[in-house]
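In what follows, a structure is listed as C-alpha cells, so that the remarks can point back to it.
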There are 2 protein chains.
Amino acid sequence: MLSAPATPDQDGSVPGAISGEQDRFRSELTRSIDAFLAEQRDVLADISAESLPLISSIATLTSGGKRMRALLCYWGWRAAGGSPTASAPVTAGTALEFFQAAALIHDDIIDRSDTRRGRPSVHRQFTARHTDAGWHLDPERFGVAAAILAGDLCLAFSEELFTASCSGTTGTAARTIFNRMRTEVMAGQYLDLLEEAVGPDQTPEVAADRALNILRFKSAKYSMERPLMLGGALAGADDRLLSAYSDFALPLGEAFQLRDDVLGVFGDPEVTGKPAGDDLREGKRTFLVARALGSGRDGVRARINAMLGDTSLDDAAVGMLRGLIIDTGALAHTEQLIAVKSEAAFAALDRLEVDAVSRRALSLLAEAAVTRTA
Amino acid sequence: MLSAPATPDQDGSVPGAISGEQDRFRSELTRSIDAFLAEQRDVLADISAESLPLISSIATLTSGGKRMRALLCYWGWRAAGGSPTASAPVTAGTALEFFQAAALIHDDIIDRSDTRRGRPSVHRQFTARHTDAGWHLDPERFGVAAAILAGDLCLAFSEELFTASCSGTTGTAARTIFNRMRTEVMAGQYLDLLEEAVGPDQTPEVAADRALNILRFKSAKYSMERPLMLGGALAGADDRLLSAYSDFALPLGEAFQLRDDVLGVFGDPEVTGKPAGDDLREGKRTFLVARALGSGRDGVRARINAMLGDTSLDDAAVGMLRGLIIDTGALAHTEQLIAVKSEAAFAALDRLEVDAVSRRALSLLAEAAVTRTA
C-alpha cells in the first residue's frame, strides 16, 4: 500500500512510489471528472437534449491539462496526514479542475483567443456550431454568449463539487480558502485588464509593482498556494501548517508565473507550441515588460511601447524587442527574481514538517514548475 | 411578535400582519446584502483598492429590485414551520439576490442591453469608466471583459452566501435545489439563445412548444418554484410539502413569465418604463410570438418574421405588428393560457397545508405576479 511513508533512496528521491501514487490519483481524478460530467449530462438532457453542447464544450477543457492544481491539493491533503485512498482530495481536485476550466472559458472570451491547448476555444466552438448549421444572426455573437453561459455553468459545477468534497470533513477552513481563491482570481484578472487599459502612462516603477501584485493574485496564489492549502485544510491541518504551506507555495507560484512571462517572450516555439514572442504581440504588461520599461532610457521605452501589442509584429521585430528587453537588464533581473523566489520556496519546503514522500513529491512539482521550458 | 399565526380578517386577508412581516424581512435582507458587500469590499481592498469597482458595480444591482425571489424563499421557510426571526431565510434570500444580480450582469452583456432598471448596465458602467479616464484600447471591450468578471464574482458570492445559509440546518435538500436551479437557468438561457439563432425555419408548433420549455426553465422555475422550495427545504420540509409547493409555484411562474411576454409587446410604456413593443425590436421569440407565427397564414407569418428583431421599428410598425399578433388569436390564446396556469396555481394553493398567514401572503404574491401591468 502507498499509505506508509516510502523510504527515500540514495539521492533522496522516491520516484517510483511517488509517480505510482500520482498516477493513481490522476486516474481517479479523470474518473471523477467523467462521472460528474455524465451525471450533469443527464440533468441537462432532462431539460433539453439541445442544451448538451454546454456539457461537451466544458468536457473539451476538463479532459486535458497538467492537473497541477489537483496534484497540489492532493499533496496538501497527504502531507497533512490525509489517507491516500480518501475521496475528498479527488473531489476537491475535480472542483479545482472545473474552476480552472471555467476561468479558461471566460479568459479566452476576454483575450479573444481562438485556440486553447491546440483546439478551438469554447466561444469558437459555439461560433463554428452556428456557422456550420447556417443559423441566423451573428455567429460570433452567438459563440460569445454561449461561452459566457458555459463558463457560468462550469463555475457552478466547480462549487457543487467543492461542497461535496467538504461533506463529512471539517470543511469550514477549506471553504474559506476556496472562497478567497475565487475572489482573488477574479479581482486579479480585473487588475490585469486595468493594467492593459491604463497602459504606458504610469511610471515604470509603479507598473512593475503592479505587475507583481497582479501576478500574485491572478496566478501565484490560485495556481499553487491555494490548492495546496485547500488539500491541507480538508485534512484538518492547523493554521501553523497551512501558513508553512503558504511560505512554500506562494513564492513558488510567483516563480512559476515569472517563468511563464519569460517563456511568453523568449520561449522556443518548437517547445512551447506558441508563436515566438506571442505575449509581445498580445501586449501583455507582465513584470518582465514593466521592468524593461522601467529600466530603459526614454528612447528605449518609447520604442518598446510603440511595438508592444502590435499583432502584426514579424519575427525580426520580435527579435528586436527581445534585444531591447535584454539590453535594459529586465531579463536578467527577472531571472534573478525567479531564483530568489525559488530559493525561498525550497528553503520553506526544507522547513516543512511533513513525511519524506510528500516532501519529495512537492519538491518534484516545484522543480518542474520553475525550470520548465514550455 | 409576528411568530404566532395571524387571524385572517373578514375577507380572509391579514394585510397588516403580512406587510409588517414582509417589511421586516425586506429590511433584514437589505441589511444582510449591505453587510456582505462591506465584508467583500474589505477582501478586495486587501488585494488592491483598484479592484473595488467590481463591488460597486454589483451593488448597483443588489440595491434595487422587487426582492420577489427572496420573499418566496422567506414564505417557503415560514410556511414549512420556520421561525420568522431566523437568519437562514435572510441569508438564503441574500444568496438569491446575488444570483439574480450575476444573471442580470451576464444577461445584459448577451442581450447588449445598455440599461438596467433605469441605470447603465454593468458593462456600460465599466465602458464609461474607461472612456471617462481616457484609457487605452477599446472602451467597449474593456466594459464587457470587466462585466464578465463582475458577474463571475457575483456568482461566487451568491454561492458563498448560500452555503452560509445552510450551516446548522439540514442543508442537503436545499443544496440540491440550489444546484438544480442554477443549472436550469443557465441551460434555459442557452436554449433561448439557440431559439433566436435557429429562428423562423422550424415549424411554428415546434417553436411554441420550445418557447414554453424555455420559459419553464429560464424563468418559471427559477423565479418562483425554486425559491419557494429552497425556503421550505431549509426549514426541513418533507418531499410531500416540497412537491405541493411546486404544484403551486411552477404554474404561477409560467403565468408570471407569460404575463411578462404580453407586457413586452402590449405594455404601456408609461407604466413599464420601457419603450412600447421593446420585445418586438429585440426579436424575442416568446411563446406569444411563436403562437402568432403558428396561427397566422403564410403571408401573415412572413410579415411578422420580416419585422421581428428590426431595431428601427417605429411606433406605427409596432402598432401594425401588435395588430397582426392580435389578429392571429395569439394574444387571446396567451391570455387564456395565463388564466389556466393561474387557476392551477391558486387551486394548488388552496390545497396547500400551511398556516393562514403564509397562505394569504403567497396568495398576495401570486396575484401581484399575474395581474401586474409593469
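Every number in this text was worked out from the coordinates using simple rules, so none of it is lab data. Everything numeric here is computed off the predicted structure, so don't read it as measured data. Neighbour counts are summed over all protein chains in view; Cβ atoms, including those assigned to glycine, are modelled from backbone coordinates with ideal geometry.
Could you count how many Lys pairs in the protein assembly as shown have their Cα atoms under 22 Å apart, skipping same-chain pairs fewer than 8 positions apart?
Qualifying lysine pairs in the protein assembly as shown: 20.
Dimensions of the protein assembly as shown along principal axes (Cα, Å, largest first)?
86, 55, 41
I need the phi-derived Karplus couplings for region B:98-111: 6.51 cos²θ - 1.76 cosθ + 1.60, θ = phi - 60°, integer Hz, Gly and Pro marked x.
Using θ = phi - 60°, the values come out as 5, 4, 4, 4, 4, 4, 5, 4, 6, 4, 5, 5, 4, 7 Hz.
If you average the sequence gap of Cα pairs under 8 Å that are 6 or more apart and divide by the length of region A:11-169, what percent do you get for the contact order? Numbers along the way, then the final one.
On the way: 159 pairs, mean separation 39.0, N = 159.
Averaging sequence separation for qualifying contacts and normalising by length gives 25 percent for region A:11-169.
Mind ordering B:367-374, B:256-263, A:253-260 by average Cβ neighbours within 10 Å, highest first?
Numbers: B:367-374: 14.2, B:256-263: 22.2, A:253-260: 24.9.
Per-residue mean Cβ counts within 10 Å order the peptides as A:253-260, B:256-263, B:367-374.
Using the Kirkwood radius built from alpha carbon pairs, what does the Stokes-Einstein equation give as D for region A:11-169 at 20 °C and 1.002 mPa s, in µm² per second? Walk me through the intermediate numbers first.
Values: Rh = 16.8 Å.
Answer from the Stokes-Einstein relation: 128 µm²/s.
In whole angstrom, and with the biggest value first, how far do the Cα coordinates of region B:171-374 range along each principal axis?
Here the Cα extents, ordered largest to smallest, are 54, 30, 28 Å.
Take region A:123-164, compute every pairwise Cα distance, and split them into 5 Å bins from 0; I just need the percent in each bin.
All Cα pairs, binned at 5 Å, distribute as 7, 25, 20, 16, 12, 9, 7, 3, 1 percent.
Based on a Kirkwood Rh over C-alpha pairs, give the Stokes-Einstein translational diffusion coefficient of region B:216-259 at 4 °C and viscosity 1.567 mPa s in µm²/s. Intermediate results must be reported in sequence, preceding the final value.
Working: Rh = 10.2 Å.
Taking Rh from Cα pairs, D becomes 128 µm²/s.
Any idea how far the Cα center of region B:98-135 sits from the one of region A:37-70, in Å?
29 Å
Modelling each spin label as a point 7 Å along the Cα-to-Cβ direction, I'd like the B:Ala59/A:Ala35 distance in nm, to one decimal.
4.4 nm
Comparing B:Arg69, B:Arg297, B:Arg210, which has the greatest mean-square fluctuation in the GNM of chain B with Cα pairs linked when under 10 Å apart?
For chain B, modelled as a Gaussian network with Cα springs under 10 Å, the answer is B:Arg297.
Quick one: what are the phi-derived ³J(HN,Hα) couplings along region B:223-237, Karplus 6.51/-1.76/1.60 with θ = phi - 60°, whole Hz, x for glycine and proline?
Values, residue by residue: 7, 10, 4, 5, x, 5, 5, 4, x, x, 4, 5, 8, x, 4 Hz.
Using the Kirkwood formula over every pair of different C-alpha atoms, what hydrodynamic radius in Å results for region B:169-278? Let's see the in-between values first.
Working: mean 1/r = 0.0649 Å⁻¹.
By the Kirkwood definition, the hydrodynamic radius is 15.4 Å.
Distances from A:Gln202 to the same position in the other copies: list them in nm, one decimal, shortest first, using label points 7 Å from Cα along Cα→Cβ.
Ordered by increasing distance: 4.8 nm.
Nearest 0.05, what FRET efficiency do A:Ala128 and B:Asp268 give at R0 = 60 Å with Cβ-Cβ as r?
About 0.90, to the nearest 0.05.
Per residue of region B:119-134, in order, report the coupling 6.51 cos²θ - 1.76 cosθ + 1.60 (Karplus, θ = phi - 60°) as ³J(HN,Hα) in whole Hz, putting x for Gly and Pro.
My calculation for region B:119-134 gives 10, x, 5, 4, 5, 6, 4, 6, 4, 5, 4, 5, 4, 4, 7, x Hz in order.
Hey, for a label at B:Arg303 modelled as a point 7 Å past Cα toward Cβ, could you say which residues of region B:320-334 have their backbone N under 11 Å away?
Those under the cut-off are B:320-328.
What percentages make up the Cα-Cα pair-distance distribution of region A:29-87 when the bins are 5 Å wide from 0?
Over region A:29-87, the share of Cα pairs per 5 Å bin runs 4, 16, 21, 18, 14, 12, 9, 5, 2, 0 percent.
How large is the Rg to Rh ratio of region A:114-209 when both quantities use alpha carbon positions and Rh follows Kirkwood?
1.13
Can you tell me which of B:Val271, B:Val185, B:Val300 moves the most in a GNM of chain B? Springs connect C-alpha atoms under 10 Å apart.
Highest fluctuation among the options: B:Val271.
Compute the normalised compactness of chain A: alpha-carbon radius of gyration over 2.2 N^0.38 Å, N being the residue count. Write down the numbers at each step before the final one.
Details: Rg = 21.6 Å, N = 374, 2.2 N^0.38 = 20.9 Å.
For chain A, the normalised Cα radius of gyration comes out at 1.03.
Give me the extension gain from A:Ser312 to A:Val340: residue separation times 0.36 nm, minus the current Cα-Cα distance, reported in nm with one decimal. Present the calculation step by step, with values, prior to reporting the outcome.
Numbers: separation 28, 0.36 × 28 = 10.08 nm, distance 3.54 nm.
Gain in length upon complete extension: 6.5 nm.
Calculate, for B:Asp209 and A:Ala332, the FRET efficiency according to 1/(1 + (r/R0)^6) with r their C-beta to C-beta distance and R0 56 Å; round to the nearest 0.05.
Values: r = 67 Å, r/R0 = 1.19.
Result of the calculation: an efficiency of 0.25.
Which value in deg cm²/dmol, rounded to the nearest 500, describes the helix-derived mean residue ellipticity at 222 nm for chain A, given -39,500 (n - 2.57) per DSSP H run of n ≥ 4 and division by the residue count? Working shown, then result.
Working: 17 runs with 273 residues, N = 374.
Dividing the helical sum by the residues of chain A leaves -24000 deg cm²/dmol.
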